[in-house]
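The values are calculated or read from the model by the stated rules, or taken from the named source; none is laboratory data. This one's a predicted model, so the numbers in the text were calculated from it and none came from an experiment. We place every Cβ from the backbone using ideal geometry, glycine too, and count neighbours over all the protein chains shown.
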Amino acid sequence: MEKTIDVTALGELLIDFTENGTSGQGNPLLEANPGGAPCNVLAMLQQLGKKTAFIGKVGDDMFGKQLTDAVKEVGIDIRNLVVDPEVHTTLAFVHTYPDGDRDFSFYRNPGADMMLKKDEVQEDLIRASRIFHFGTLSSTHDLVREATRHAIDVAKEAGCIISFDPNLRPPLWKDLEDARVEIEYGMSKCDILKISDNEVEFMCGTTDYDEGARMLKEKFNIPLIMITLGKDGSRAYYKDIRAVGKPFISDKTIETTGAGDTFCGSSLNYILENGLTDLTAEKLEEMLTFANAAASLVTTRKGALRVMPAKEEVLTYMK
C-alpha cells in the first residue's frame, strides 16, 4: 500500500485545565487547553511540514467539539477521531509549581479516550503510514488496550516504523505493576523509544542513564533509544553510538507541558527525513539539538497543541 501519511498516532485526546491566575475572589482561574501527548507530537510534525493522522475518541460534548476543532485547525487528519455518544471527554487538571514542573489529576472514570474499540481502528490509515506512534495512556484499560495492541499489529505487518513514548502517569494506573507490563510490551514492539529520565528510573531502577539504555537495548533490542533529561538536555543510543544533545535553558519558561512531545515530534521528523538505517553520531547530535531547542521554546508558552514552533523559529532560537 502506498505510504501517503508520514505519521499516524493513536491515543488520548483530552482537555488540560491549566492554572492561569486567580479571580477577584482568590479562586484559581483555569484555562481549557487542548491536550494529549499523541496529538501534541503530531502538531509538531505538522509544523515541520509533515502529513499526520490521529486515531482516538472524544465525548459528544463541548470539550469534544473544542478538541476536534483544535486538532483540525492544526492540520491533523481526523477521519479516525471517533465521537462517543455516552461517555464524556477526558479532563486533566494540571497544577504547575514555581519551577515549571507539574502534577496531574484526571477525570477519567471512564473518559471517552478509554472507550476506543478495536473495530473502530481504521486499519488502512495505519497501513498508509510511514511511522506509527503510541503511548501507554491507551493501555490503562482493557478496551482501549485491545485497540492499541491491534493497531500495533497492523502497523508491524504493514512495515511501519514503530515509535513509542511510555508517558507514564502514575495516577491513571490501578497498579504500577500493570504500567510496567504495558511499558515492557511497548518496548518489545518499537523501533524508536522516547523515554524520560524518571521513566528510565522506574523501569531500570537506576539513575545511570547510560546503564539504563544498555539494559533496555539488551532486553528489547530497540534500534534507537532517546532519553530526555529535562534541564540536562537529552541523549540518543543507536547501535554502538551514544550522542548527547545540549540543553537550551530559557529564562522565559512558564510550564513544561508538551516539551517531551515537541522533542518527540522533532525527532520523528528527523527520522522521516534521514531514515533509521545509517545514523551517525553527527546526525544524532543534529537531531537532538533541534529537538531540545524546539522543546525549550514550547516551555515558554501556555499549552502545546496550538503553539508548536515552526522550523524557522527553532533555527533562529538555536542561533
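Considering only region 156-180, state which residues are aliphatic (A, V, I, L, M), within 26 Å of Phe93 (Cα to Cα), modelled with pLDDT of 95 or more and out of contact with any Asp or Glu (no Cβ under 7 Å at 6 or more places or on another chain).
Applying the first criterion (aliphatic (A, V, I, L, M)) to region 156-180 yields 158, 161-162, 168, 172, 176, 179.
From what is left, the residues that are within 26 Å of Phe93 (Cα to Cα) are 168, 172, 176, 179.
So of that shortlist, the ones also modelled with pLDDT of 95 or more come out as 168, 176, 179.
Residues satisfying the conditions are Leu176, Ala179.
Please count how many residues of region 303-319 are in a helix (DSSP H, G or I) and either surrounded by fewer than 24 Cβ atoms within 10 Å (Cβ to Cβ) or not β-branched (Val, Ile, Thr) (or both). If you could, list the steps in order and put the result at the bottom.
Our first condition is that a residue be in a helix (DSSP H, G or I); within region 303-319, this holds for 311-318.
Cutting the leftovers down to either surrounded by fewer than 24 Cβ atoms within 10 Å (Cβ to Cβ) or not β-branched (Val, Ile, Thr) (or both) gives us 311-313, 315-318.
Of the residues in region 303-319, 7 are in a helix (DSSP H, G or I) and either surrounded by fewer than 24 Cβ atoms within 10 Å (Cβ to Cβ) or not β-branched (Val, Ile, Thr) (or both).
For region 262-281, state whether one or more residues are touching a Leu at 6+ places or on another chain (Cβ under 6 Å) and under 30 Å from Lys302 (Cβ atoms). I'd like the intermediate steps shown before the answer.
Applying the first criterion (touching a Leu at 6+ places or on another chain (Cβ under 6 Å)) to region 262-281 yields 265, 269.
Of the ones still in play, those that are also under 30 Å from Lys302 (Cβ atoms) are 265, 269.
Checked against the condition, which is being touching a Leu at 6+ places or on another chain (Cβ under 6 Å) and under 30 Å from Lys302 (Cβ atoms), region 262-281 yields at least one hit.
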Subset of region 197-214 (residues that are surrounded by fewer than 20 Cβ atoms within 10 Å (Cβ to Cβ), within 19 Å of Thr136 (Cβ to Cβ) and either of a type in the set (Ser, Thr, Tyr) or in contact with a Ser or Thr (Cβ under 8 Å, 6 or more places away or on another chain) (or both)): Asp197, Glu201
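Return the total of residues in region 200-223 being charged (D, E, K, R) and under 20 Å from Leu268 (Cα atoms). Spell out the reasoning first.
Filtering region 200-223 for residues charged (D, E, K, R) gives 201, 208, 210-211, 214, 217-219.
Then keep just the ones that are under 20 Å from Leu268 (Cα atoms); that gives 217.
Adding up the residues that qualify gives 1.
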Might you let me know whether region 227-247 holds any residue that is surrounded by fewer than 19 Cβ atoms within 10 Å (Cβ to Cβ), hydrophobic (A, V, I, L, M, F, W, C), closer than 14 Å to Leu284 by Cβ and in contact (Cβ under 8 Å) with a residue 24 or more places away in the chain? yes
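Only residues that are in a helix (DSSP H, G or I), among the hydroxyl-bearing types (Ser, Thr, Tyr) and touching a Gly at 6+ places or on another chain (Cβ under 9 Å): list them for region 251-302, please. Spell out the reasoning first.
Step one: list which residues in region 251-302 are in a helix (DSSP H, G or I), which gives 259-274, 281-298.
So of that shortlist, the ones also among the hydroxyl-bearing types (Ser, Thr, Tyr) come out as 262, 266-267, 270, 289, 296.
Thr289 - this is the single residue of region 251-302 that is in a helix (DSSP H, G or I), among the hydroxyl-bearing types (Ser, Thr, Tyr) and touching a Gly at 6+ places or on another chain (Cβ under 9 Å).
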Quick one: which residue in His88, His141 is touching a residue at least 24 places away in the same chain (Cβ under 8 Å) and closer than 30 Å to Gly230 by Cβ? His141
I'm trying to understand the selection: among the residues of region 1-49, which are closer than 24 Å to Arg145 by Cα and assigned to a strand (DSSP E or B)? Ile5, Asp6, Val7, Thr8, Ala9, Leu10, Leu14, Ile15, Asp16, Pro34, Gly35
Counting only residues that are closer than 16 Å to Asn167 by Cα and not in a strand (DSSP E or B), region 228-250 contains a total of 2
Tally time: how many residues in region 210-227 are under 15 Å from Gly186 (Cα atoms) and in a strand (DSSP E or B)? 3
Can you name the condition, by its number, that Gln66 falls short on among (1) assigned to a helix (DSSP H, G or I); (2) buried (at least 17 other Cβ atoms within 10 Å of the Cβ); (3) touching a residue at least 40 places away in the same chain (Cβ under 8 Å); (4) not acidic (Asp, Glu)? (2)
Checking the structure you have, find out if any residue of region 81-101 is small (Gly, Ala, Ser), crowded, with 18+ Cβ neighbours inside 10 Å and in a helix (DSSP H, G or I). no
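So is Gly49 touching a residue at least 12 places away in the same chain (Cβ under 8 Å), under 22 Å from Leu125 (Cα atoms) and under 16 Å from the mean Cα position of the chain (by Cα) or not? Walk me through it before giving the result.
Values: touching a residue at least 12 places away in the same chain (Cβ under 8 Å): yes; under 22 Å from Leu125 (Cα atoms): yes; under 16 Å from the mean Cα position of the chain (by Cα): no.
Spelling it out, it is not the case that Gly49 is touching a residue at least 12 places away in the same chain (Cβ under 8 Å), under 22 Å from Leu125 (Cα atoms) and under 16 Å from the mean Cα position of the chain (by Cα).
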Selected residue [closer than 18 Å to Thr136 by Cα and at pLDDT 95 or above] from Val83, Val41, Val71, Val87: Val41
